[in-house]
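Undergrad: Quick one: the structure is below, questions incoming.
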Amino acid sequence: MDLYLWIVAALALGLAAYLLVTRQFKWLWRIARNAALGVAAILLINLALHGVGLAVGINSVTTLTVGVLGLPGLLLLYTTQVLVR
């Protein structure tokens, strides 16, 4: 039984790798790119606003927010931080 489970898992992993390579998961690449750029932007903005005391933490929620929403998500995080503060 374990052998069949490993075979199915290997086939599923192979199919996922094939779909990623053939750009079927274009949306996943876009979210990953936006998330990486968003984390870099948050780091730079936090560095620039360090003297003001305004900073947004980097965690899975903020990364996913910026990854899905892009620049509006980044603005949303900082706007929320200003309003809560």
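The values are calculated or read from the model by the stated rules, or taken from the named source; none is laboratory data. Values in this document were obtained by computation on a predicted structure and should not be read as measured data. Neighbour counts are summed over all protein chains in view; Cβ atoms, including those assigned to glycine, are modelled from backbone coordinates with ideal geometry.
Undergrad: Keeping to region 1-50, report how many residues are within 22 Å of Leu71 (Cβ to Cβ), out of contact with any Gly (no Cβ under 8 Å at 6 or more places or on another chain) and of a type in the set (Val, Ile, Thr).
TA: The number of residues fulfilling the criteria is 3.
Undergrad: So which residues in region 51-65 are within 15 Å of Gln81 (Cβ to Cβ), within 14 Å of the chain's Cα centre (by Cα) and surrounded by 14 or more Cβ atoms within 10 Å (Cβ to Cβ), if there are any at all?
TA: Passing the criteria: Ile58, Thr62, Thr65.
Undergrad: Report the residue count in region 23-41 for those that are part of a loop (DSSP other than H, G, I, E, B) and out of contact with any Leu (no Cβ under 8 Å at 6 or more places or on another chain).
TA: Qualifying residue count for the region: 2.
Undergrad: Evaluate region 42-50: report whether one residue or more is at pLDDT 90 or above, assigned to a helix (DSSP H, G or I), surrounded by 15 or more Cβ atoms within 10 Å (Cβ to Cβ) and aliphatic (A, V, I, L, M).
TA: yes
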